[in-house]
1. When all C-alpha to C-alpha distances in region A:514-614 are sorted into bins of 5 Å, what percent of pairs does each bin hold, rounded to whole numbers?
2. What whole number of Å gives the distance from the Cα centroid of region C:116-164 to the Cα centroid of region B:34-56?
3. Could you run the Karplus curve 6.51 cos²θ - 1.76 cosθ + 1.60 with θ = phi - 60° over region A:383-393 and give me ³J(HN,Hα) per residue in whole Hz, x for Gly and Pro?
4. Could you tell me what percent of the DSSP beta bridges with both partners in the protein assembly as shown are antiparallel, to the nearest 5?
5. Can you list the aspartates and glutamates whose alpha carbon is less than 20 Å from that of A:LYS417, not counting same-chain residues fewer than 8 positions off?
6. Can you work out D for chain A in µm² s⁻¹ from Stokes-Einstein, where Rh is the Kirkwood radius over C-alpha pairs, the temperature is 4 °C and the viscosity is 1.567 mPa s?
7. Whole-Hz Karplus ³J(HN,Hα) for region A:631-636, in order, using 6.51 cos²θ - 1.76 cosθ + 1.60 and θ = phi - 60°, x for Gly and Pro?
8. Which trypsin sites (Lys or Arg not before Pro) in region B:53-117 pass both tests, a DSSP loop state and at most 14 other beta-carbon atoms within 10 Å?
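The values are calculated or read from the model by the stated rules, or taken from the named source; none is laboratory data. Keep in mind that what you see is a predicted model, and the values were worked out from it rather than measured. Backbone-built Cβ (ideal geometry, glycine too); neighbour counts: all protein chains shown. Surface accessibility is based on the protein's heavy atoms, side chains included, excluding ligands, DNA and RNA. Shrake-Rupley method; radii C 1.70, N 1.55, O 1.52, S 1.80 Å.
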Amino acid sequence: MIPELGHFCLIIALSISVVQCLTSFTGAYRNDAILMRVGSSMVAGQFVFVLLGFAALVYAFVNSDFSVAYVARNSNTLLPMQFKVSAVWGAHEGSFLLWTLIMSAWTLAVAVFSRHLPGDVRARVLGVMGVLSVGFLLFLLVTSNPFERIVPFAPDNGADLNPLLQDFGLIVHPPLLYTGYVGFSVAFAFAIAALLSGKLDASWARWSRPWTNLAWAFLTVGITLGSWWAYYELGWGGWWFWDPVENASFMPWLAGTALIHSLAVTEKRGTFKSWTVLLAITTFSLSLLGAFIVRSGILTSVHAFAVDPERGLFILGFFVLVVGSSLVLYAMRVPLIRSRVNFSGLSRETFLLTNNLLLIVALSIVFVGTFYPLAYEAATGGGKISVGVPYFNSLFIPVMAVLTFALGVGHTARWKKTGTAFLVKKLGFVLLVSFGLGVVLPLLLDGVYRWEVALALVLAVWVAATHLKDLWFRAGGSLSGLARISAGYYGMLIAHLGFAVVLVGVCITSHYSLERDVRLGFGESLELGGLNFTFQGVANTQGDNYSATRGSLLVSGDGSSYWLYPEKRKYLSSNQVMSEAAINAGLFKDVYVSLGEPVADNTWTLRVHYKPFVRWTWLGGLFMALGGVLAIADKRYRRLRQTGRNPATATLGGATV
Amino acid sequence: MTRTRRGMHPVRRKRLIIVVFVFSGLALAVALAMQALNENINLFYPPDEIVGGHAPLNTQIRAGGMVKMGSVRRTAEGVDVEFVISDLKNSEFVVTYTGILPDMFREGQGVLATGRLLDDGSFLAVEVLAKHDENYMPPELIDMGKNNDS
Amino acid sequence: MGRLRLFLPLCGFLLLVVMLWLGFSLNDPHILPSALLQKPFPGFELPSLQDAEKTLTQEDLKGKILLVNVWATWCPTCKAEHAELMRLKEQFGLEIAGVVYKDEPDNARRWLAAYGDPYIYNIIDRDGRLGIDLGVYGAPESFLLNAEGKILYKRVGEVNARIWRDEIRPRLEQLEYFDLDQQR
């Protein structure tokens, strides 16, 4: 009964969102306040019914209702409770329901926190978001109903959740990632609303900035967690594979990063207007494209969901409709007489433009690498190729290096016009220091001196030093001055420092990691990275829903010693075998061991990794997200809300980006 | 355009500089990207093409098929492993690999190996991928099945 | 120029869509390779699960409309599909022949004893050779055969209520399968 109610709730939600679109758009068109109010009140109803639908599916999972086909395919009575709940979004139907729920939640948040906006703008934004909800709900109901029953012969037990997904990482990774993806729909909706109304001034940028920051922060955490999950769960010790599905989340992130910066220019200086609109459309389109890639099976990868042509076609159709119509609207509505270029060759605007260009170049590199196999196949009528990791690395890294250098100069540069002499005076010494430190620091690391690492450290120190110097300058050289600086500025600072941290982590771990596949008998040992690994043997253990062989290794060196227990698990219901790596995590190095297989009596193959600074890649990611969130806490957004409906009177404090 | 280049309106000139900057940057990026792409694409070859000598020697390629039952052999020392990939018809070849095979690797299941074909007809793999989910198989192998029907 | 330039993003987008569309139709494994459509079921000589002495061939599949279902006990989706197959047998009297794909016969026998047997008989394809001839790339897959043993339809993935309703049942109706059924 509950699953049917859940299904019914989704149908109601669909009807409500249709009403939401119609009333919002008609209301905005006729400037009818009552219709607009009806439209916005629909939002809460829609959210509640999607939430009820989601709760019904959770209920079916928690109670192991295997008469529901989706539950039967993805759960099992042996599954521990927390995984029964997370199995809800472990496969296609449920994860799309989660996606839809997040869409409704964002819509509700916009409806609640945008009461200060002019009524017609708000109505248009909610209308656009309503259209997206209609599309998602239709998709769910038509092609991916999670409540479909197996009657009358329900299986007495389910097929179990893929063991790879029985993990904390999967509990949190998809919701965060989806919140990021879907969150970009807000910036998209604001951009479309601005195009529809024809009022393409700086105000839409101001309104959508906090939303974009928040969505971006979620996406950043989502990607970071995904990378962390791949690292400890896939058992290869890798944290980024340039896999199509990873790229699918990385492309909107790159576009979103460009969008954040270009929104800043549009808000502060009133320039880049049409470019920013285009970026907002692009970012959300790439999110939809990501969904299409993952769900259509068009690019196969370790993460891809089951292939289903009906679903792929539906998403492709929806994608064409949404993105196609927005681009047509863009081409028709963007004003031809654009703002005059009112900044000089050397100014903060120029550097932000450079930032955008470089990010778009980086995006194109990833895009081409991801879709080239597809284009090749289409052109040759079925030829199969794959694009190797060196392609991505050899192109992406130089672009990032230039971007990082520009980052240090850019935020020191002033708006409109900056003298070369001013920059040299401010940054000359910092450049020298960064160069010196960056060149010397690799000497402290074990291993051969690498110029690539030195270069990366120069750039990381450069970013950190320029930012800290600027902070001190703004604080007026006193500690009490630090308190007067706006949250927006601190947000930027932390995000940029986070970027430097990622840079350090990525570079050092890529160049100084050690990895060895070895064959060890009980009692034998191995030296790696100055540590001694002694294989003490294996024992059998039992988990909730798996049996495992557990190896014990004693790691010693560095004046300490500890045990690591990697496991080889066999899941009872699906018979799948999975390695569970054992990791000793540290700020400066990870020691990582995974169990291979028995090759002789009392002898196993083992994989041992020594990974310096690998934590920094994720730590930096979290800093970046924190920065994004902190920027939203800026006082001027609160002031904006209090000043009410007339955005022209809203003064913007602080000269920060 | 009656004005000379020198006398160009400063705004226009600025715009021109930006456009030139953007386009040359883009052109350079595209050229580099195409080169990097060409150097890093790995073509896929099914067993019959590898056995038939259609695959290039000593070039990074991808090969795949089914792991022949009972063909997996490990050396007495170290972590070297050897197995036979077959299309379950007439073509099969030997793959050698140093390291730990993935969890999903199993005799009688599909695998995809990246590496190079040596002069002696064996395949030296640097990466082995395997997955036998009921819903998943590397796309290269799917097509192999299709071609064999015809 | 002018406004036309603004259509450039749209053009790029349309190009992308064309590519996705092409890639999509090329990659679609659910569409039966045209080579097999309307062709007779490939030849085989394999043991029967129920009667180890007996050898089954493609001739055994002829003479009636039949759904050939490729399954295995190691395949979780098969478990979900199994219930639907039971329903089709009970409710519509659909005759289903099983192909036990890359699996131990003992496992298969245990499975059928535990969950019920929707099949009229099962063909043991232990090394997956018949699977290769059928272009099977995973279990479950199903093939609808007419009385002459020709393949009318192929389903990659599970047969569920929707596939039955939208794909299989209409084909059976075309063959006037249900009219015959009622006369029986």
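1. 3, 13, 24, 24, 16, 12, 6, 2, 0
2. 33 Å
3. Here the 3J(HN,Hα) series is x, 10, 9, 10, 9, x, 4, x, 4, 5, 5 Hz.
4. Values: 92 of 107 bridges.
Just about 85 percent of them are antiparallel.
5. A:GLU267, A:GLU349, A:ASP470
6. On the way: Rh = 26.8 Å.
Reported coefficient: 48 µm²/s.
7. 4, 6, 6, 4, 4, 5
8. Details: sites: B:ARG62, B:LYS68, B:ARG73, B:ARG74, B:LYS89, B:ARG106, B:ARG116; in loops: B:LYS68, B:LYS89, B:ARG106.
When the trypsin sites (Lys or Arg not before Pro) of region B:53-117 are filtered for loop state and at most 14 Cβ neighbours within 10 Å, B:LYS89 remain.
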